[in-house]
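Asker: Quick one: structure below, then a few questions.
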Amino acid sequence: MEHDASYKQFFSFREMIADLLRGFVAEPWVNELDLSTLERVSGSYVSDDLRTREDDMVWRVQIEGRWVYVYLLLEFQRRVERFMAVRVLGYVALLYQDLIRQEQLTPDSRLPPVVPIVLYSGDRRWTAPVEVGDLVWQGPAGLEVYRPQLRYLLLAERELGEATILETRNLAAALFRLEQSQDLEDVVEVVRQLVKWLGAPEHADIRRAFVIWLSRVLLPERLPGVVLPEVQDLQEVRDMLETGVVDWTAKWKEQGLQQGLQQGLQQGLQQGLVQAAREDVLAVLEVRFGVVPEAVQAAVERITEVQRLKQLHRRAILVPSVDDFARQLVAEGDGDGQLAVE
């Protein structure tokens, strides 16, 4: 919780939003933004049915004298949410309702553009559709015109690549590199740059945010058991890291090794359970129907969730034929149209 709260605080700073847009949104309209006009919109707005969204960041910025809204959703969950596009659609609709009530329209009485950005910091690769229409069945000819159209821009930290913060001053890149750091030397290098970038008095608040996040969240997570001295400024963080870099790097690597071993054991156990569940499904099909078609075997082997395999095991006991089993796999998305047995 402290990690999420402190991480969200970073994106309450104008400098962080500006660097996020400049450094990671590779779209032509970004070059037209007047970033000096960036301003935070109320963090809580209420729709007609009194639902609220208080955690998301809503900013607006001008292009050619007109406002564009940037809706930033920060997702810290480790599980990919398949229907995120539907959530985004709902949030944008709430924002538009609020803009209509406040009469925040363009001179020709239109709604301003809203750019939803999902910033995802989880470990798993994001596989959910970014366009809401991709989640809706197209249906017979003519129904496709009623499918909603709205997409969000996904920024998945683990897929952004190595950000070279030494060549250009970018606070968002510095934060992402700290979050993804693999050793203590990476942290020291970034903190040195932050000391240079944030030395001016006007940067005192965001400098303090980095100090709090580093000393209370990132370093305690990476160095469990190490008693860290109290620090009040980035320079003190830098000095502390440079002084203890040798001893702490050894502890960091030891912790990483222990975590790797634990994760390996957990993954091995999970893989064993999954494989056993697959074999149970195929064994029942073989006993009941004889030789199991290779396409069906391959489809079952691709399934990685134990709970899903348990469902298929029960189905294998009750299904009237292997053809029906195959067709149901296709209908539920566990196989393609070539799976069904001729």
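The values are calculated or read from the model by the stated rules, or taken from the named source; none is laboratory data. Values in this document were obtained by computation on a predicted structure and should not be read as measured data. Note that we place each Cβ from the backbone using ideal geometry, even for glycine, and neighbour counts take in every protein chain shown. Each accessible area value is taken on the protein alone, full model and side chains, heavy atoms only, with ligands, DNA and RNA left out. Shrake-Rupley method; radii C 1.70, N 1.55, O 1.52, S 1.80 Å.
Asker: Expected output is a single nm value to one decimal: the length gained when fully extending between Ile212 and Asp34, i.e. 0.36 nm times separation in residues minus the C-alpha distance. What is it?
Answerer: Values: separation 178, 0.36 × 178 = 64.08 nm, distance 3.05 nm.
Residue separation times 0.36 nm, minus the Cα-Cα distance, leaves 61.0 nm.
Asker: Let me ask you something else. Which whole-Hz couplings ³J(HN,Hα) result when phi for each residue of the stretch 25-34 is put into the Karplus expression 6.51 cos²θ - 1.76 cosθ + 1.60, θ = phi - 60°, listed in order with x for Gly and Pro?
Answerer: My calculation for the stretch 25-34 gives 9, 8, 10, x, 5, 4, 5, 8, 6, 9 Hz in order.
Asker: Of the listed peptides 227-235, 209-217, 320-328, what is their order by residue-averaged count of other C-beta atoms within 10 Å, with the highest listed first? Don't skip to the end; give the middle numbers.
Answerer: Values: 227-235: 13.3, 209-217: 18.9, 320-328: 16.6.
In descending order of packing, they fall as 209-217, 320-328, 227-235.
Asker: Need the full-extension length gain, Glu179 to Arg82, defined as separation in residues times 0.36 nm minus the C-alpha distance. One decimal, nm. Provide the component values of the computation, followed by the final result.
Answerer: On the way: separation 97, 0.36 × 97 = 34.92 nm, distance 2.43 nm.
Result for the pair: 32.5 nm of gain on full extension.
Asker: Go through the stretch 142-156 residue by residue and turn each phi into a ³J(HN,Hα) via Karplus (6.51, -1.76, 1.60, θ = phi - 60°); whole Hz please, and just put x for glycine and proline.
Answerer: With coefficients 6.51, -1.76 and 1.60, one gets x, 6, 4, 5, 9, 5, x, 10, 6, 10, 10, 8, 8, 10, 9 Hz.
Asker: So between Val330 and Leu160, what do we pick up on full extension, going 0.36 nm a residue minus the alpha carbon distance? Could the numbers behind the result be given before it?
Answerer: On the way: separation 170, 0.36 × 170 = 61.20 nm, distance 3.39 nm.
Net length gain for the segment: 57.8 nm.
Asker: Can you work out the accessible area per residue across the stretch 67-133, with the rest of the protein chains kept in place, probe 1.4 Å, in square angstrom? Walk me through the numbers before you get to the answer.
Answerer: Working: 3280 Å² over 67 residues.
Dividing the accessible area of the stretch 67-133 by its residue count gives 49 Å².
Asker: From the backbone phi of the stretch 118-131, what are the Karplus-calculated ³J(HN,Hα) couplings (6.51 cos²θ - 1.76 cosθ + 1.60, θ = phi - 60°) in whole Hz, Gly and Pro given as x?
Answerer: Running phi through 6.51 cos²θ - 1.76 cosθ + 1.60 with θ = phi - 60° gives 9, 9, 10, 10, x, 7, 7, 5, 6, 10, 6, x, 9, 10 Hz.
Asker: For the stretch 75-207, would you read off the P(r) tail past 19 Å as a percentage of all alpha carbon pairs? Don't skip to the end; give the middle numbers.
Answerer: Working: 5804 of 8778 pairs.
Percent of Cα pairs beyond 19 Å in the stretch 75-207: 66.
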